[in-house]
Amino acid sequence: MILLVIVVAGYFAFGYINSYFGWYSHEHWKYRKGSTDIDEAKRRGVFVKELNYKVEGYSGDLYGFKPFIEKGYTWGYHTSEETAPWTNTNYPYQISFSYVRTSNFGVLMTDEGLEKFDSSNASWGYLKYPQLQDTIILEIAGENIPRGAIIKVY
């Protein structure tokens, strides 16, 4: 009986320790997140609008590519299912795009594209208002994709 109590207590202690170091030590609730697709953005209540785009230099499958603007947000303190929109920022909006990532198809933000945002980091652009001021160029990369294949988002 004592062994059973120790095993059960150990099981719950391991779960707590794993949760603490796996979630709380990384402080996921502090960092800006982006939705993987429009449905997720709508479910979280951060979807703003879908954007138009044009593909140049590539006629293959886009694997569900759709660019959109959403409000920046972070996850809740205890769970990634909770959504907390960013409010204390000069750049509350961001561009996101959905597609199925494969070794055959990827989308990269170019340095020139990042310069057209109100603010950016190494790979994402942030907006002061929910609109693009200029066309953003995305590079298409992957196996068997010709150099110079781009997507213009506007």
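The values are calculated or read from the model by the stated rules, or taken from the named source; none is laboratory data. The structure displayed is predicted, hence computed values, not measured ones. Cβ sites come from the backbone with ideal geometry, for glycine too, and all protein chains shown count toward neighbours.
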Practice task
Select, from K42, K33, the only residue that is within 15 Å of the chain's Cα centre (by Cα) and at pLDDT 95 or above.
Solution key: K42
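If you scan the range 62-76, which residues turn out to be of a type in the set (V, I, T) and at pLDDT below 95?
Just the residues of the range 62-76 that are of a type in the set (V, I, T), to begin with: 69, 74.
Across the range 62-76, the qualifying residue is only T74.
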Handout entry: Leading residue by the ranking (farthest from Y99 (Cα to Cα)) among those in the range 27-48 that are charged (D, E, K, R) and surrounded by 13 or more Cβ atoms within 10 Å (Cβ to Cβ)
Key = R32
Exercise for the section: Would you be able to tell me the number of residues in the range 94-123 that are over 12 Å from L138 (Cα atoms) and among the hydrophobic types (A, V, I, L, M, F, W, C)? Expected result: 4
Practice task
Look at V153 and say whether it is surrounded by 13 or more Cβ atoms within 10 Å (Cβ to Cβ) and within 15 Å of the chain's Cα centre (by Cα).
Solution key: no
Fill in the blank from the handout: Exactly one of I69, I137 is over 30 Å from K30 (Cβ atoms) and β-branched (V, I, T), and that one is I137
Problem - Boolean, A141 is free of Cβ contacts under 8 Å to residues at least 60 places away in the same chain, exposed (fewer than 11 other Cβ atoms within 10 Å of the Cβ), in the same structural domain as Y73 (by TED's automatic domain parsing) and aliphatic (A, V, I, L, M) - result: no
Handout entry: Set D61, D118: member being without any contact (Cβ under 8 Å) to a residue 60 or more places away in the chain, over 23 Å from H26 (Cα atoms) and loosely packed, with under 13 Cβ neighbours inside 10 Å
Key = D61
Completion exercise
Within the range 92-107, residues surrounded by fewer than 15 Cβ atoms within 10 Å (Cβ to Cβ) and either farther than 16 Å from I38 by Cα or aliphatic (A, V, I, L, M) (or both) come out as V100, T102, S103, N104
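With the requirement that a residue be part of a strand (DSSP E or B), touching a Ser or Thr at 6+ places or on another chain (Cβ under 6 Å) and within 28 Å of N88 (Cα to Cα), what does the range 110-149 give you?
Selection gives Y126 alone.
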Handout entry: Odd one out for Y16 among (1) modelled with pLDDT of 90 or more; (2) exposed (fewer than 14 other Cβ atoms within 10 Å of the Cβ)
Key = (1)
Fill in the blank from the handout: Residue hits (the range 99-119; at pLDDT below 90 and of a type in the set (S, T, Y)) are Y99, T102, S103, T110
Exercise for the section: Considering every residue within the range 124-136, establish whether at least one is modelled with pLDDT of 90 or more, closer than 21 Å to F47 by Cα, of a type in the set (V, I, T) and surrounded by 15 or more Cβ atoms within 10 Å (Cβ to Cβ). Expected result: yes
